[in-house]
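Visitor: Below you'll find the structure I mean.
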Amino acid sequence: MQKILENLNAVHQQITDACEACAPKRDSSSVRLLCVSKTKPIEMIKEAYASGERHFGESYALEAVDKIAALQEQGYRDIVWHFIGPIQSNKTKHIAAHFDIVESVEREKILVRLNEQRPEGMAPLQVMIQVNISHEEQKQGCEIEELPVLLQKASELPNIEVIGLMGVARIDADDEELAASFAMLFKLREQYQSQYPKLTELSMGMTHDLKQAIMQGSTEVRIGSAIFGEREYHKA
């Protein structure tokens, strides 16, 4: 418990420092911490929860469904669950039924399936469109020219509410490239926000590039290993 609390305090301090480095300075409350809990046991999630965290990110649908169900049974019903990984068509039903926010939508087909499979009676599924800001072929995300089509399609779906954009910078990018990649996503949000007023979120920045992302306008940073330790790889 103490270790996770210490890690969280350190991450929040990094967020505060990055906000203070902005010109003009930003309030640290304008940046949400998304605790990336994929592959981690629910005991660790409960420790972060006890420290005040409420937003958790998962990438493996079936593993996440089990965690969400177990925690809800134990009374943890105010957690906001984010899906942040690549979305397989055969997993959309699970994602639509159990998550509050999906940050990694990059194809129209996935939008349509999430809309159709959102259970009746639930609030619209909040979605971010993932844009390939690193220009790497192997990276997830739509191309910039595909973004307006996805935004238009999402606006037509009753069970989908697009709230922002998400992007992942190149892992070995220097500060100049990081700043350019994140600035591009910021400009894309600005470009389409007048047409889609709910397009307010910018999920960009992880452990290694948190500062650059915040200085370019990020409203959410996705942090895993700096909180919970190195990730463990296995299939959903």
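The values are calculated or read from the model by the stated rules, or taken from the named source; none is laboratory data. Only a predicted model underlies this, so the values are computations on that prediction, with no experimental measurement involved. With ideal geometry, Cβ positions are generated from the backbone for all residues, glycine too; neighbour counts draw on all protein chains shown.
Visitor: Can you run down the residue pairs with Cβ atoms below 8 Å, 6 or more apart or on separate chains, where the first is in region 58-83 and closer than 16 Å to residue 125 by Cα and at pLDDT 95 or above and the partner is of a type in the set (Asp, Glu) and surrounded by fewer than 17 Cβ atoms within 10 Å (Cβ to Cβ)?
Guide: 80/100; 81/100; 82/100
Visitor: Just to verify a result, which residue in region 170-195, among those that are under 19 Å from the mean Cα position of the chain (by Cα) and in a loop (DSSP other than H, G, I, E, B), is farthest from residue 8 (Cα to Cα)?
Guide: In this case the residue turns out to be 170.
Visitor: Restricting to region 102-122, give me the number of residues that are aliphatic (A, V, I, L, M), surrounded by fewer than 23 Cβ atoms within 10 Å (Cβ to Cβ) and within 15 Å of residue 154 (Cβ to Cβ). Give the derivation first.
Guide: First pass over region 102-122, keeping only residues aliphatic (A, V, I, L, M): 102, 105, 110-112, 114, 122.
Next cut, surrounded by fewer than 23 Cβ atoms within 10 Å (Cβ to Cβ) only: 110, 112, 122.
Narrowing further to those that are within 15 Å of residue 154 (Cβ to Cβ): 110, 112.
Selection size over region 102-122: 2.
Visitor: With respect to residue 148, is the statement that it is in contact with a helix residue (DSSP H, G or I) (Cβ under 8 Å, 6 or more places away or on another chain), part of a loop (DSSP other than H, G, I, E, B) and modelled with pLDDT of 95 or more true? It would help to see each step written out before you state the result.
Guide: Working: in contact with a helix residue (DSSP H, G or I) (Cβ under 8 Å, 6 or more places away or on another chain): yes; part of a loop (DSSP other than H, G, I, E, B): no; modelled with pLDDT of 95 or more: yes.
So residue 148 does not fit the description; no.
Visitor: Please enumerate the residues belonging to region 148-195 that are over 23 Å from residue 222 (Cα atoms) and acidic (Asp, Glu).
Guide: Within region 148-195, just 156 meets the criteria.
Visitor: Can you pull out the residues in region 1-33 that are within 18 Å of the chain's Cα centre (by Cα) and not in a loop (DSSP other than H, G, I, E, B)?
Guide: Looking only at region 1-33, we keep the residues that are within 18 Å of the chain's Cα centre (by Cα), and these are 8, 11-12, 15, 28-33.
Listed by number, the residues that qualify are 8, 11, 12, 15, 28, 29, 30, 32, 33.
Visitor: Could you grab me the full set of residues in region 52-75 that are in a loop (DSSP other than H, G, I, E, B) and surrounded by fewer than 17 Cβ atoms within 10 Å (Cβ to Cβ)?
Guide: 52, 54, 74, 75 - these are the residues of region 52-75 that are in a loop (DSSP other than H, G, I, E, B) and surrounded by fewer than 17 Cβ atoms within 10 Å (Cβ to Cβ).
Visitor: OK, next. Which of the numbered conditions does residue 199 fail, given that it passes all the others? Conditions: (1) assigned to a loop (DSSP other than H, G, I, E, B); (2) surrounded by fewer than 15 Cβ atoms within 10 Å (Cβ to Cβ).
Guide: If we test residue 199 against (1) assigned to a loop (DSSP other than H, G, I, E, B); (2) surrounded by fewer than 15 Cβ atoms within 10 Å (Cβ to Cβ), just (2) comes out false.
Visitor: Sticking with this one: Starting from residues that are among the polar types (S, T, N, Q) and touching a residue at least 12 places away in the same chain (Cβ under 8 Å), keep the ones in region 146-173 and report whichever is surrounded by the most Cβ atoms within 10 Å (Cβ to Cβ).
Guide: Here is the first cut: in region 146-173, the ones among the polar types (S, T, N, Q) are 152, 155, 159.
From what's left, touching a residue at least 12 places away in the same chain (Cβ under 8 Å): 155, 159.
Details: 155: 13, 159: 16.
Ranking the candidates gives 159 first.
Visitor: Is it the case that some residue within region 34-44 is part of a helix (DSSP H, G or I), surrounded by fewer than 20 Cβ atoms within 10 Å (Cβ to Cβ) and either out of contact with any Lys or Arg (no Cβ under 9 Å at 6 or more places or on another chain) or of a type in the set (Lys, Arg) (or both)? Quick ask: steps written out before the conclusion?
Guide: Of region 34-44, the ones part of a helix (DSSP H, G or I) are 42-44.
Applying the additional criterion that residues be surrounded by fewer than 20 Cβ atoms within 10 Å (Cβ to Cβ) yields 42-44.
Within this subset, residues satisfying the condition of being either out of contact with any Lys or Arg (no Cβ under 9 Å at 6 or more places or on another chain) or of a type in the set (Lys, Arg) (or both) are 43-44.
Yes; the residues of region 34-44 include at least one that is part of a helix (DSSP H, G or I), surrounded by fewer than 20 Cβ atoms within 10 Å (Cβ to Cβ) and either out of contact with any Lys or Arg (no Cβ under 9 Å at 6 or more places or on another chain) or of a type in the set (Lys, Arg) (or both).
Visitor: A follow-up question, please. Could you check region 98-142 and list, in sequence order, the residues that are assigned to a strand (DSSP E or B), touching a helix residue (DSSP H, G or I) at 6+ places or on another chain (Cβ under 7 Å) and within 22 Å of residue 76 (Cα to Cα)?
Guide: Step one: of region 98-142, the residues assigned to a strand (DSSP E or B) are 101-105, 125-131, 142.
Checking the rest, the ones that are also touching a helix residue (DSSP H, G or I) at 6+ places or on another chain (Cβ under 7 Å) come to 102, 105, 125, 127, 129, 131, 142.
Passing the criteria: 102, 125.
Visitor: Another question about this same structure. For the condition touching a residue at least 12 places away in the same chain (Cβ under 8 Å), within 27 Å of residue 97 (Cβ to Cβ) and surrounded by 22 or more Cβ atoms within 10 Å (Cβ to Cβ), what is the one hit in 130, 212, 126?
Guide: Numbers: 212 fails: within 27 Å of residue 97 (Cβ to Cβ); 126 fails: surrounded by 22 or more Cβ atoms within 10 Å (Cβ to Cβ).
Result of the check over 130, 212, 126: 130.
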